[in-house]
Amino acid sequence: MPYTRETWPIAAALHQLARPEVQHADASRWAADLEQVASVGFDAIDLTDSWLQIGDLGRSRLDEFRSVTQQLGLAVPALSITRRSVIDPVNGDDNLAYTQRTLEAAAELGIGVLSIGLHRPLTAAQREALWFWTADGAKDPEGDADTWNLAVTRFREIGKQAAAYGMLVSLELYEDTYLGTSSSAVRLIEDIGLSNVGLDPDLGNIVRLHRPIEDWREMLATMLPYTNYWQVKNYTRVEAAGGVISTHPAPLELGVINYRDAIRDAISAGFNGVLCCEHYGGDGLGVSAMNMRYLRTLLPAASVSERGIPNDISEISTTQPVKETVA
Amino acid sequence: MPYTRETWPIAAALHQLARPEVQHADASRWAADLEQVASVGFDAIDLTDSWLQIGDLGRSRLDEFRSVTQQLGLAVPALSITRRSVIDPVNGDDNLAYTQRTLEAAAELGIGVLSIGLHRPLTAAQREALWFWTADGAKDPEGDADTWNLAVTRFREIGKQAAAYGMLVSLELYEDTYLGTSSSAVRLIEDIGLSNVGLDPDLGNIVRLHRPIEDWREMLATMLPYTNYWQVKNYTRVEAAGGVISTHPAPLELGVINYRDAIRDAISAGFNGVLCCEHYGGDGLGVSAMNMRYLRTLLPAASVSERGIPNDISEISTTQPVKETVA
Amino acid sequence: MPYTRETWPIAAALHQLARPEVQHADASRWAADLEQVASVGFDAIDLTDSWLQIGDLGRSRLDEFRSVTQQLGLAVPALSITRRSVIDPVNGDDNLAYTQRTLEAAAELGIGVLSIGLHRPLTAAQREALWFWTADGAKDPEGDADTWNLAVTRFREIGKQAAAYGMLVSLELYEDTYLGTSSSAVRLIEDIGLSNVGLDPDLGNIVRLHRPIEDWREMLATMLPYTNYWQVKNYTRVEAAGGVISTHPAPLELGVINYRDAIRDAISAGFNGVLCCEHYGGDGLGVSAMNMRYLRTLLPAASVSERGIPNDISEISTTQPVKETVA
């Protein structure tokens, strides 16, 4: 069933609530954190692992977590693992194992989307910066067939594990990784070749960079046929005549990406997946709520099925044969 | 009759909807585009010719257009011709002819304001820039009496043609043209010397420039006695100590121009004309709607006539004798 | 009694209304100015002396002022004196006398908080700048024991005078003064050593500077135990890789300071004082009203006393013995 304006799942990311003590805190702390999210109007969360790593919780704590979300009336349609690249040169194996046990825990909670990526932990320069995207992060090795194929193989392994639970896997657009341009991201998805493994066109990751970038409309057009989950965020962006580039987090409606057009194009392309509101900078939760309310005004009031858009989200993923290749 | 908060015509500009195919599209496409404008709360449009050139439509298509706006309940109080300078060194003659046949079509639709200017098509550098105002555009020749007089003569010709239909002509403030400073703009209006030809103090055109600018309060004060139409938009503006200037599109309420003061001063000066919401960058339509709602809160709740402000918009235009001179 | 979301005093600063003629204008002008403030939803003002200097009004005019605020239903919980440093090398004595007679007038009006600081009149460079904080202002002499002690002595004198009326004195965080870093500000308060003299953690004054700054979370944490009044404002802030820093006034919810966290931390620390909304740039009054509405959503719906937070604001000020020392 296609979603409508009223029913579309729009989840809050939980980066703003991330604190070292959360993982081992009482369920009452989890409840207090999530109560903030509910209080600004969200009825769904993206279980962001910077806040809580459910793959590392025991069974009874997992039950506690489920109980907290149920009491608050919060759905959990998606889970995001961040900065745990399965091809990280140091921690790739650990990250794969972590991803797989997180997937199992997510399945137990009935979570339908696993969001992962190839971005690695922040570098020292990024951690020191006011905004981490103004400093360089780690880069995937361009033209390295072995590493590319490792990514394909491991994502495929994760994808198959997810498929067994009817779960989608979504790979996040992120600069300087094999998912760093729309064309590379699509190539990776095609090489993986599973209908439940698609893309998250997180355009904000790109438009915030202080360097020349790909046009967001082109990125989106390229990625939409493969999109099965979508983290939305926006930035102002100035490119001065002298070459100085400057960006700042902005509400969805005020930044350089036109989400009115972007959402309309996505729906036309058949997108019917979970939307996730992220916002860095200042009151991320407040702005995320503002974004959620704005998104609802852009979504179709009536059922999209009446417009002849495919009902089954799996139909929009590619099913082309696997071709392992080099980025 | 002076307008009130409830009745003031606030029109949406249509730049965001401009696409090459609109001109020859079915009326159903026009309706779909304008339905978006109505759906965010506008009850009036500025018939921006970047979207549709009614001067180049035949009679039956003009009727189709009228029918579309009537069905959507959209008033059309103004029409803007953009980048068709009547003193363009290459296309000036064509632009005059285009303006005149557009004026005729506008009259047929009962449109009361024709908005025109001296800015020319975007240069290659402007088209390549993320924001076109960060690159240089064409410049009118300073101190060239012949060109200045050509502008005066042609605007006077257009003004007289408009007057025959009871229509106002409004000339838009735009950098590097004879309408590029408030004093030059006023001098041009005085040289034209027609009571139905006035100014559009589109301050946003100036405050967004990445160079030193005239103070917006001074520009507005100089232009208000001649203002008969007003395209409103706003920008953030940073002037750093080292001389770096940076600007970004912003909602009316958040940019550097204080529209609370500006609207109050305009009403005190007797302004009773059409307001037009433009916004470049991101969701221009959404921000325009935000601006429209904000403007209503700034407009007088009761009739302004009770405050002794002139009722007749023609009274605010200059009627000084014509003095042709050099900018 | 601790405040709740509904009762918390949130005052509008009046900088936007400052004009030379206000001081000697009829009460009807005062009423017209303040009616604007009431019309956007404020029920309280900070009697900012850039708008009106009540210390220089006679008795009958003071009664007129009281009458105006009463008719408009505006509370006056605080009064701010700006740029009248009691250690100004030129006007320090005059500024002390002005502060003291303003305090007397404030007492007569029943105003509970006197907000003062060490910042001096804008320099010529600041007056010429688009945003005054992009140019350097006057600096208090670092390591000058006599001047530091003069500040302590004079603030203590003012504090004692205020205490006689049950009034709080709040010193404003401001760059390049003895109140320019959180640690120096705290040291000054401790040296003054009066329970009714505390701090105003006006973080916006710091985050808007185009230079490296102290982390706002650290500043706030250091100052909260001494906070007895709070001017809130926010800015976007970009620190580009090449070292270019750029800031712009922003609504509370959109700037770099996370006021959702800041307000929560303040309430946890026992803050129960007046909040004051300031905003420079564009429609300062409109954005202040936006900020006021946003703040209400962050404040506790129920009485904070139920959470075991001290009820008496004087309890949160330090009562340590006086130690005069050097900054």
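Throughout, read-outs are computed from the coordinates displayed, never taken from laboratory work. This structure is a prediction, so every number in the text was calculated from the model and none was measured. Because the Cβ atoms are built from the backbone with ideal geometry, glycine has one as well, and the counts that use them run over all protein chains shown.
Using the Cα centre of the protein assembly as shown as the reference point, and only Cβ charges (+1 on K/R, -1 on D/E), how large is the resulting charge dipole? Debye, rounded to the nearest 20.
In total the dipole reaches around 1000 debye.
Between C:LEU109 and A:ARG19, what is the FRET efficiency for a Förster distance of 45 Å, r being their Cβ-Cβ separation, to the nearest 0.05?
The formula returns an efficiency of 0.50 here.
Taking the label point as lying 7 angstrom from Cα along the Cα-to-Cβ axis, what are the distances from B:ARG66 to the corresponding position in the remaining copies, in ascending order and in nanometres?
Values, ascending and in nm: 6.7, 6.7.
How much space per residue, in cubic angstrom, does the convex hull of the C-alpha atoms of segment B:127-188 take up?
111
Quick one: what do you get for segment C:75-195 if you divide its Cα Rg by 2.2 N^0.38 Å?
Values: Rg = 14.4 Å, N = 121, 2.2 N^0.38 = 13.6 Å.
In units of the 2.2 N^0.38 Å rule of thumb, it is 1.06.
Gaussian network model of chain C, Cα springs within a sub-10 Å range: biggest mean-square fluctuation belongs to which of C:ILE158, C:ILE192, C:ILE206?
For chain C, modelled as a Gaussian network with Cα springs under 10 Å, the answer is C:ILE158.
HN-Hα J couplings of segment A:189-203 from phi, Karplus 6.51/-1.76/1.60, θ = phi - 60°, integer Hz, Gly and Pro as x?
4, 5, 5, 5, x, 10, 6, 9, 10, x, 10, 10, x, 7, 4
Determine, for A:LYS233, C:LYS139, the number of other Cβ atoms within 10 Å of each Cβ, and report the residues in order from fewest to most.
C:LYS139, A:LYS233
Let a ≥ b ≥ c be the square roots of the eigenvalues of the Cα gyration tensor of segment B:177-297; is it rounded (a/c under 1.5), or, if not, prolate (a/b larger than b/c) or oblate?
Oblate shape, in that a/c is at least 1.5 and b/c is the bigger or equal ratio.
What number, rounded to the nearest 500 deg cm²/dmol, is the helix-based mean residue ellipticity at 222 nm of chain B, given -39500 (n - 2.57) per DSSP H run of at least four residues and division by all its residues?
Roughly -11000 deg cm²/dmol at 222 nm, from the helical runs in chain B.
For segment A:69-102 and segment C:210-281, what is the centre-to-centre distance using only Cα atoms, to the nearest Å?
Centre-to-centre distance over Cα atoms comes out at 33 Å.
Multiply the residue separation of C:GLN71 and C:THR297 by 0.36 nm, subtract the distance between their alpha-carbon atoms, and state the gained length in nm to one decimal. Walk me through the intermediate numbers first.
Values: separation 226, 0.36 × 226 = 81.36 nm, distance 2.77 nm.
So the extension gain works out to 78.6 nm.
Which one of A:GLY286, A:GLY112, A:GLY58 has the biggest mean-square fluctuation once chain A is modelled by GNM with Cα springs under 10 Å?
Of A:GLY286, A:GLY112, A:GLY58, the Gaussian network model singles out A:GLY58 as fluctuating most.
What is the Cα radius of gyration of segment C:91-158 over 2.2 N^0.38 Å, N being its residue count?
On the way: Rg = 14.9 Å, N = 68, 2.2 N^0.38 = 10.9 Å.
Against the empirical 2.2 N^0.38 Å value, I get 1.36 for segment C:91-158.
Tell me whether the protein assembly as shown comes out rounded, prolate or oblate; compute the Cα gyration tensor, take square roots of the eigenvalues as a ≥ b ≥ c, and use a/c under 1.5 as the rounded threshold.
It is oblate, given that a/c is not under 1.5 and a/b is not larger than b/c.
I'm a student and want to see the number: the projected area of the Cα convex hull of segment C:1-89, averaged over all directions, in nm².
Reported value for the Cα convex hull: 7.4 nm².
Please arrange B:LEU295, B:LEU285 by how many other C-beta atoms lie within 10 Å of their C-beta, fewest to most.
On the way: B:LEU295 20, B:LEU285 25.
Going from sparsest to densest Cβ surroundings: B:LEU295, B:LEU285.
Summarise the long-distance tail of P(r) for segment A:10-316 by giving the % of C-alpha pairs beyond 29 Å. Intermediate values should be presented prior to the final figure.
Values: 15231 of 46971 pairs.
Value for segment A:10-316 (Cα pairs over 29 Å): 32 percent.
Between B:ALA75 and residues 5 or more places away or on another chain, which pairs have amide H atoms under 5 Å apart, with H built 1.01 Å from N, and which residues are they?
Result for B:ALA75 returns B:ALA44, B:ILE45.
Please report, in debye to the nearest 20, how large the charge dipole of segment C:10-316 is about its Cα centre when each Lys and Arg carries +1 at its beta carbon and each Asp and Glu carries -1 there. Show your work: numbers first, answer last.
Working: 25 positive and 41 negative charges, 96 e Å.
Charge dipole, segment C:10-316, about its Cα centre: 460 debye, nearest 20.
Taking the label point as lying 7 angstrom from Cα along the Cα-to-Cβ axis, what are the distances from A:PRO89 to the corresponding position in the remaining copies, in ascending order and in nanometres?
5.6, 5.7
How long are the semi-axes of the equivalent ellipsoid of segment C:51-135, defined as square roots of 5 times the Cα gyration tensor eigenvalues? Whole Å, largest first. Walk me through the intermediate numbers first.
Values: eigenvalues 149, 54, 24 Å².
Calculated on Cα positions only, the semi-axes equal 27, 16, 11 Å.
Take every Cα pair under 8 Å in segment C:101-227 that's 6+ residues apart, average their separations, divide by the length, and report that relative contact order as a whole percent.
The normalised contact order for segment C:101-227 reaches 25 percent.
Springs between alpha-carbon atoms under 10 Å, Gaussian network over chain B: tell me which of B:GLU64, B:GLU239, B:GLU108 tops the mean-square fluctuations.
Per the Cα network of chain B with a 10 Å cutoff, B:GLU239 tops the list.
Any chance you could run the full-extension gain for B:GLU218 through B:ARG127? It's 0.36 nm times the residue separation minus the Cα-Cα distance, nm to one decimal. Kindly include the intermediate steps, with their values, before the conclusion.
Details: separation 91, 0.36 × 91 = 32.76 nm, distance 3.06 nm.
Residue separation times 0.36 nm, minus the Cα-Cα distance, leaves 29.7 nm.
Over the alpha-carbon set of segment C:248-296, divide Rg by the Kirkwood Rh and report the Rg/Rh ratio to two decimals.
For segment C:248-296, the value is 0.98.
Can you tell me, using C-alpha contacts under 8 Å and at least 6 residues apart, the relative contact order of segment A:10-316 as a whole percent?
Taking the mean separation of contacting Cα pairs over the length of segment A:10-316, I get 15 percent.
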